Amino acid sequence: MPARTKDMTRGNPTRLILTFCLPIVAGNLFQQLYSLVDTLVIGQVEGVTALAAVSAAGWLDWLVLGLAMGLAQGFSIQVAQCFGAADYTGLRRAVGQSLLLSAGVVVLLTVLSQSLLYPALVLLRSPANTIDLTCEYLRIIFSGITLVMGFNLLSGILRSLGDSRTPLYAMTAAALCNIALDILFVAAFHWGVSGVAIATVISQGVSCLICLIALRKITFLRLSRADLRPDTRSMGTLLRLGLPVAFQNGIIAMGGLVLQGVVNGFGFIFMAGFNASSRLTGLVELAGSSLGSAMGTFAGQNLGAGRLDRVQLGLRRASQIAVGMALIVAACMLLWGKELLSLFINDQPELVDQVLTVAYRYLAVMSLGLFMLYLLFVYRSTLQGLGDTIIPMVSGIVELAMRIGCVLLLPLLIGEWGVYIAEISAWIGAAILLIWGYYHRMRRLRARLPIASDAAL
């Protein structure tokens with residue numbers, strides 16, 4: 001399927017953002033099916049212990065893979081700005097240098113993740129009856145870092161060019177592949193957590209290949225040897241954009257690891273409930289993250305074109321859409337969340353009841369604060385599209401501080417409810433900083449760029 005580029009510097013911002021966002025929502029929905037199907041199959045076929053083992057892998061998985069995804073996301077910012085400015089020479093150079101940097105990152109992350117995995121699980125107080133299963137699962141997952149980095153880099157480039165459909169097709173194909181392989185490897189072959197991990201890695205390879213094929217069909221992206229020759233200046237620019245995003249993901253994950261350590265201390269039943277709810281909250285978060293991705297591309301292209309007026313209007317419209325979507329999703333989770341959670345759990349009835357109680361409490365609290373998370377996504381991605389990756393990185397530090405502070409203190413006062421509240425407290429703290437950061441960034445940009453107007457809006 002050939003890639004379809006889209007110029008977002010002209011036309012109605014609301015329509016452009018929504019039409020660009022919807023394929024991302026659908027694509028991310030299919031990507032979330034990786035985790036959902038993994039959880040469903042493990043919970044139904046292998047039981048609560050295996051479910052808890054996969055739960056213990058969550059934040060450690062995000063720490064490693066989030067670094068790769070953050071770098072890829074940061075690299076794509078430069079691509080969007082070059083495309084908006086119609087600088088195709090700079091665009092090709094940015095893509096070529098991104099490929100070189102990504103190769104080095106893959107080697108480093110693979111070596112570190114495999115060598116430090118077991119000590120990290122011990123440090124996180126993983127229960128004795130789950131630690132070996134968790135290690136087995138993550139060793140396979142981390143063997144696919146190349147594919148994760150490849151997909152996120154290639155799909156990020158495509159989205160920077162205005163093509164949100166090809167990543168959708170890629171993730172749809174990958175999700176269907178993952179579902180089929182999960183059933184085959186776990187339900188039929190009884191490979192347990194290893195089967196789930198192998199299915200995920202193979203599916204990631206499918207999505208990466210589809211994006212690669214699409215990119216090779218874009219004529220103005222055909223790279224020369226000069227584009228692939230190391231360029232310290234271009235690499236410096238890319239790392240200036242990519243490293244803060246990667247660090248942002250890393251510090252958010254560190255807060256999550258502290259949270260996971262506290263969760264592990266409550267026992268494997270609480271772990272299983274937390275995992276089931278986390279998988280579902282990951283699903284409900286995707287509308288906000290997808291809207292944020294759309295705004296990142298919109299802001300990057302329009303900054304490249306010198307259209308700050310469109311950035312301002314797009315941000316207002318995206319914020320309104322974010323709050324509306326969050327309220328609808330939250331209502332659905334509060335009404336039908338328990339029924340959805342029950343799909344992931346199968347074991348002795350008394351265990352199921354205990355796990356389900358934990359899971360629904362966490363889901364309900366997350367739902368009440370969902371609108372703040374959606375706004376966080378919109379403002380963070382807009383700032384990144386405007387070339388500011390520092391404030392989003394600092395917001396990650398705020399998230400870390402809030403999450404760690406609340407999860408260590410509140411359980412001492414109110415028990416397990418402190419774990420639930422810690423997450424939305426982190427969202428609120430980060431969102432406040434990002435909103436301030438956006439207005440600060442716009443003031444600085446207005447001093448350099450004239451504010452144009454578009455009578456057609």
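Structure summary
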quantity: Condition check for R233: farther than 22 Å from P167 by Cα, without any contact (Cβ under 8 Å) to a residue 40 or more places away in the chain, assigned to a helix (DSSP H, G or I) and more than 28 Å from the chain's Cα centre (by Cα); calculated: yes
quantity: Those residues of the stretch 87-111 which are more than 14 Å from D231 (Cβ to Cβ), in contact (Cβ under 8 Å) with a residue 24 or more places away in the chain and aliphatic (A, V, I, L, M), in sequence order; calculated: V105, V106, L109
quantity: Among residues of the stretch 438-457, those that are surrounded by 14 or more Cβ atoms within 10 Å (Cβ to Cβ), closer than 18 Å to I391 by Cα and either modelled with pLDDT under 85 or under 27 Å from the mean Cα position of the chain (by Cα) (or both), counted; calculated: 3
quantity: Enumeration of residues in the stretch 306-316 that are surrounded by fewer than 20 Cβ atoms within 10 Å (Cβ to Cβ), charged (D, E, K, R) and over 14 Å from F377 (Cα atoms); calculated: D309
quantity: Test: residue in the stretch 196-208 that is closer than 30 Å to M8 by Cβ, in a helix (DSSP H, G or I) and of a type in the set (A, V, I, L, M); calculated: yes
quantity: A128, sole failed condition from (1) part of a loop (DSSP other than H, G, I, E, B); (2) closer than 30 Å to A299 by Cα; calculated: (2)
quantity: Qualifying positions in the stretch 186-208 - closer than 22 Å to G104 by Cβ and among the aliphatic types (A, V, I, L, M); calculated: V201
quantity: Residue, nearest to R380 (Cα to Cα), within the stretch 217-259, restricted to residues that are surrounded by fewer than 19 Cβ atoms within 10 Å (Cβ to Cβ) and of a type in the set (D, E, K, R); calculated: R240
quantity: Unmet requirement for S126, which otherwise passes all of (1) more than 30 Å from C21 (Cβ to Cβ); (2) surrounded by fewer than 22 Cβ atoms within 10 Å (Cβ to Cβ); (3) small (G, A, S); calculated: (2)
quantity: The stretch 194-240: number of residues that are of a type in the set (G, A, S) and touching a Pro at 6+ places or on another chain (Cβ under 9 Å); calculated: 2
quantity: Close pairs (7 angstrom Cβ cut-off, 6 or more residues apart or separate chains): farther than 13 Å from T89 by Cα in the stretch 211-227, assigned to a loop (DSSP other than H, G, I, E, B) and not β-branched (V, I, T) anywhere; calculated: A214/M1; A214/P2; A214/A3; L215/A3; K217/P2; K217/A3; I218/A3
quantity: Residues of the stretch 211-251 satisfying the condition of being β-branched (V, I, T) and within 24 Å of A174 (Cβ to Cβ); calculated: I213, I218, V245
quantity: Residue tally, condition more than 17 Å from F20 (Cα to Cα) and assigned to a helix (DSSP H, G or I), over the stretch 299-317; calculated: 5
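Quick grid of which residues meet (1) under 15 Å from I24 (Cβ atoms); (2) over 20 Å from the mean Cα position of the chain (by Cα); (3) modelled with pLDDT of 90 or more:
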site: I157; (1), (2), (3): yes, no, yes
site: S164; (1), (2), (3): yes, no, no
site: T172; (1), (2), (3): yes, no, no
site: A187; (1), (2), (3): no, yes, no
site: W191; (1), (2), (3): no, yes, no
site: V206; (1), (2), (3): no, no, yes
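The values are calculated or read from the model by the stated rules, or taken from the named source; none is laboratory data. Here the structure is a predicted model, which means the values were calculated and not measured. When we count neighbours, we look across all protein chains shown, and the Cβ atoms used for this are built from the backbone with ideal geometry, even at glycine.
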